[in-house]
Amino acid sequence: MASHIEPDYKLRNVDFPKYFSQLSKIYDRQTGGTTRTNFAQLLPHIDPPIISSSIIHDNASGPGTASSVILTQANSQPPKISGTDSVPDMITAFRDNITKNSWTTVTASVMDSHHLQFPENTFTHSITNFSIFTFKDDVEAMKEVYRTLQPNGVAVVTTWKHFGVTGIIHTVQRAIRPDLPLMQQPNSGRFVMDSDTYLRLVMAKAGFEEAKMELVQKDLFANGEAADGVVEFMSGGFFEKAREGYTEEEKGKWEGEVRKAVERETEDYGGLRMHMWAVLARK
Ligand SMILES: C[S@@+](CC[C@H](N)C(=O)[O-])C[C@H]1O[C@@H](n2cnc3c(N)ncnc32)[C@H](O)[C@@H]1O
C-alpha cells in the first residue's frame, strides 16, 4: 500500500485545547451541525449495526455529537455509551447534554485518546468522528481504538473530504487583501483528504487488516441555519490569523465578504460543501 502520506505537524501552531474549550458551548451551532449530520448519514452503513446491547465508545466526543445521533435514533432500550474528550469544557458540555436529554446509559469523562483508560476488548463500536486530524499521533490513538475494541468490534473513523470553509476563507482573503499570504490549515497534511488512502494507511498502521475495512464517502451541502452557524465560525477567533496585517476598516469587511462567498457557493453547489470520508474497520 502507498505510504507517502505522513502527518505534517509543522503547522501545529493552533492552540487546539484552548480553541476547543472556547467552542464547547457553541459547538453545534458553529459547526452548522455538519459533524452530526455527516455521522447521521453514516449510521445506516455501520455493520454490525448499533443495537441495545452494543457497548460504544464516543472517542474525542466533543459535546457528544455522535452519541446524540445514536440516542435520537435508538428505540426504548438505548445502548451503553462512554464518551471521552481531553478538553474538560467539552466534557462539561457533554454532561449538560446528558442531563438535559435524560440519557441514562451514557457517561462522559475527560480522557486523552492516546492513553485510553479502558481495558482491552471493551467495546463493540468505537467512534472517532471528525477528531483524528487533531491528534498529535493519529496512529497511536488508533492503536488505542484497536486495543479497546472487542474481537469483531467495529471502529468508525471520519474525516473531511471537502472542507468548504477553506475555500471561503481564501476567497475572502483574496477579495480584501490579495497581497497578503493565504492562511494555511492547521495539520494541513491530514485535515482534508483527496483520497481514501490516509484513513486506510493510519488504520493499517494501527493494526486493522485492510481486508476488513470499508471506505464510505458522503456529500453534505450546508445551507440555511447550518450555513449561518459556519459563517459565525469563519468570522470568529479561529480565523484571526487570516486577518493578520488588516486595518480596522478591512477587518470590518470580513463578515460581509464571508456571507457573499457562502451565497456564491450556495448558488453554485446548493450549499457549503462539507463532504466526508469514513472508514469502518473491523477488529
Ligand atoms: C472537531 S471536534 C469533533 C467532536 C465530535 N467528535 C464531533 O463529532 O463533532 C474534535 C474533538 O477532539 C478533541 N480532542 C483533540 N485531541 C484530543 C485528544 N488527544 N484526546 C481526546 N480528545 C481530543 C477536541 O477536544 C474536540 O472535542
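The values are calculated or read from the model by the stated rules, or taken from the named source; none is laboratory data. If you're wondering where the values come from, they're calculated on a predicted model, not measured in any experiment. Here the Cβ is made from the backbone with ideal geometry for all residues, glycine too, and neighbour counts use every protein chain on show. Accessible surface areas use protein heavy atoms only, side chains included; no ligands, DNA or RNA. Shrake-Rupley method; radii C 1.70, N 1.55, O 1.52, S 1.80 Å.
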(request) Assign unit charges at the C-beta atoms only (+1 for Lys and Arg, -1 for Asp and Glu), then state the dipole size of the chain relative to its Cα centre in Debye, rounded to the nearest 20. (result) 420 debye
(request) Would you mind pulling out the separation of the Cα centroids of the range 232-283 and the range 158-183, in Å? (result) 7 Å
(request) Using a Förster distance of 35 angstrom, determine the FRET efficiency expected from the C-beta separation of Leu43 and Gln184, and round it to 0.05. (result) 0.60
(message) Per 0.36 nm of contour for each residue apart, how much would the distance between Thr99 and Asn121 grow if the chain were fully extended, relative to their Cα-Cα spacing?
(response) 5.1 nm
(request) With unit charges on the beta carbon (Lys/Arg positive, Asp/Glu negative), name the residue among Ala155, Gln184, Ile51 whose Cα is farthest towards the positive pole of the charge dipole of the range 16-282. (result) Ile51
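Using the alpha carbon gyration tensor of the range 129-228, what are the three equivalent-ellipsoid semi-axes (square root of 5 times each eigenvalue), largest first, in whole Å? Kindly include the intermediate steps, with their values, before the conclusion.
Details: eigenvalues 208, 49, 25 Å².
Computed over the range 129-228, the values are 32, 16, 11 Å.
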(message) Order Tyr19, Tyr146 by their accessible area, 1.4 angstrom probe, all chains in place, largest first.
(response) Tyr146, Tyr19
(request) Please name which of Thr72, Thr124, Leu215 has its Cα lying farthest along the dipole of the chain towards the positive end, using unit charges on Cβ (Lys, Arg +1; Asp, Glu -1) and the Cα centre as origin. (result) Thr124
(message) Given contacts defined as C-alpha pairs under 8 Å and at least six residues apart, what's the relative contact order of the chain, whole-number percent?
(response) 24 percent
(request) Mind checking which of Ser109, Thr171, Ile26 is farthest towards the positive end of the range 16-282's charge dipole, using Cβ charges of +1 (Lys, Arg) and -1 (Asp, Glu) about the Cα centre? (result) Ser109
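Across the chain, where is the longest run that never hits GluC sites (Glu not before Pro) in a DSSP loop with at most 16 other C-beta atoms within 10 Å?
Working: sites that count: Glu120, Glu209, Glu244.
That would be 1-119.
Counting residues in the chain as N, plug N into 2.2 N^0.38 Å and put the Cα Rg over that result. Write down the numbers at each step before the final one.
Working: Rg = 18.9 Å, N = 283, 2.2 N^0.38 = 18.8 Å.
Ratio of Rg to 2.2 N^0.38 Å for the chain: 1.01.
Kindly report the accessible area of the chain per residue (heavy atoms of protein chains, probe 1.4 Å, no ligands, DNA or RNA), in Å². Provide the component values of the computation, followed by the final result.
Working: 12930 Å² over 283 residues.
Heavy-atom SASA per residue in the chain reads 46 Å².
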(request) Provide the percentage of antiparallel DSSP beta bridges, counting only those with both residues in the range 16-282; round to the nearest 5. (result) 45 percent
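Which FRET efficiency value, to the nearest 0.05, do you get for Glu240 and Arg264 by plugging their Cβ-Cβ distance into 1/(1 + (r/R0)^6) with R0 = 22 Å?
Efficiency, from the Cβ-Cβ distance: 0.40.
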(request) Could you calculate the FRET efficiency of Ser21 with Ser109 from 1/(1 + (r/R0)^6), where r is the beta carbon distance between them and R0 is 25 Å, rounded to 0.05? (result) 0.90
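Take the cross-link list Lys136/Lys218; Lys100/Lys161; Lys161/Lys283 and give me the ones stretching past 31 Å between alpha-carbons.
Numbers: Lys136/Lys218 26 Å; Lys100/Lys161 33 Å; Lys161/Lys283 24 Å.
In this structure, Lys100/Lys161 lie more than 31 Å apart at Cα.
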